[in-house]
Amino acid sequence: MIVVKSPKEISIMLKSCEISALALEHAGSLVRSGISTWEIDRSLGNFIKSMGAKPSFKGLYGFPGNACISVNEELIHGIPSKKRVLKDGDIVSIDVGAFKDGFHGDNTATFAVGEIAEKAKRLLEVTEQSLYEGIKQARAGNRVGDISGAIQTYCESRGFFVPKEYFGHGVGRSLHEDPNVPNYGKPGKGPRLTPGMTLAVEPMINSTTAKTKTLPDGWTVVEANGNLSAHFEHTVLITAGEPLIMTVRKL
Ligand code: MG
């Protein structure tokens, strides 16, 4: 069931989203060669708690970390680990949500560790821009497929690949609500967007194949060829006019 939020609910949820954005910014500030993903995760957890919120992912479906931290070929759901130490040239995706006063915010960015290769830069630029191409379509009267199709077309026309197994989603009182927001699809198809819907739009993009694999840890999803993947996400409010990005530093 798609949940449409009241203006009062939106005003509460904006705080969770702002904390999510601040947490992502904090995590990004820690990214450097020599830091482990566990250290980033621990600091992130403390940061979210200091804002009076809880990390949305901790314990979700049994996930052990505060955030999903995925390095290089890891697309999503990387488990923070003391053994995973970042080095120059890596890219790292940090997917973080915060829960406060009954609502979640959800956002992700992929960060460069030091200098990265041109092909990695290109992947990051295209994946991030595809998020904004999707968000442009997040308007009342459009359908979910307009968001999906915009992301797919933007990425595929630039030579990148869209995995089909993982979706964006509605977000609110639950981290994962209806509807699914796939990163592929046809404009004009899918549920109609109405004011008060809050969606996590999140292109997850591979460099050489749409196929993915899940590692034996049961969580980490990787690009099937072992090449780079990237992930950007915002929580977005459908309004009567322009889409509102909720996961921003200051509102
Ligand atoms: Mg999400």
Practice task
Tell me, please, whether a residue that is within 25 Å of residue 191 (Cα to Cα), not in a helix (DSSP H, G or I) and not basic (Lys, Arg) can be found in the stretch 115-131.
Solution key: no
Exercise for the section: Sort out which residues of the stretch 56-80 are of a type outside the set (Ser, Thr, Tyr), crowded, with 24+ Cβ neighbours inside 10 Å and outside any loop (DSSP other than H, G, I, E, B), and write them in order of number. Expected result: 68, 69, 74, 75
Exercise for the section: Inspect the stretch 170-190 for any residue being acidic (Asp, Glu), within 16 Å of the ligand (Cβ to nearest atom), open to solvent by 60 Å² or more (accessible area, probe 1.4 Å) and under 29 Å from residue 11 (Cβ atoms) and give the result as yes or no. Expected result: yes
Fill in the blank from the handout: Filter the stretch 210-235 for residues that are open to solvent by less than 20 Å² (accessible area, probe 1.4 Å) and not charged (D, E, K, R); the one that is farthest from the ligand (Cβ to nearest atom) is 222
Practice task
Would you check which residues across the stretch 81-107 are farther than 20 Å from residue 221 by Cα and in a strand (DSSP E or B) and list them?
Solution key: 98, 99, 100, 103, 104, 105
Practice task
Take residue 163 and decide whether it is within 16 Å of the chain's Cα centre (by Cα), at pLDDT 95 or above and within 13 Å of the ligand (Cβ to nearest atom).
Solution key: no
Practice task
Identify the single condition in (1) open to solvent by 30 Å² or more (accessible area, probe 1.4 Å); (2) away from the ligand (no atom under 13 Å from the Cβ); (3) in a strand (DSSP E or B); (4) not aliphatic (A, V, I, L, M) that residue 110 does not satisfy, given that it satisfies every other one.
Solution key: (1)
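The values are calculated or read from the model by the stated rules, or taken from the named source; none is laboratory data. Computed from a predicted model, the values in this text were never measured in an experiment. FYI the Cβ positions are ideal-geometry reconstructions off the backbone, even for glycines, and counts take in every protein chain you see. Quick note on the areas: whole protein, heavy atoms, side chains included, nothing else; ligands and nucleic acids left out. Shrake-Rupley method; radii C 1.70, N 1.55, O 1.52, S 1.80 Å.
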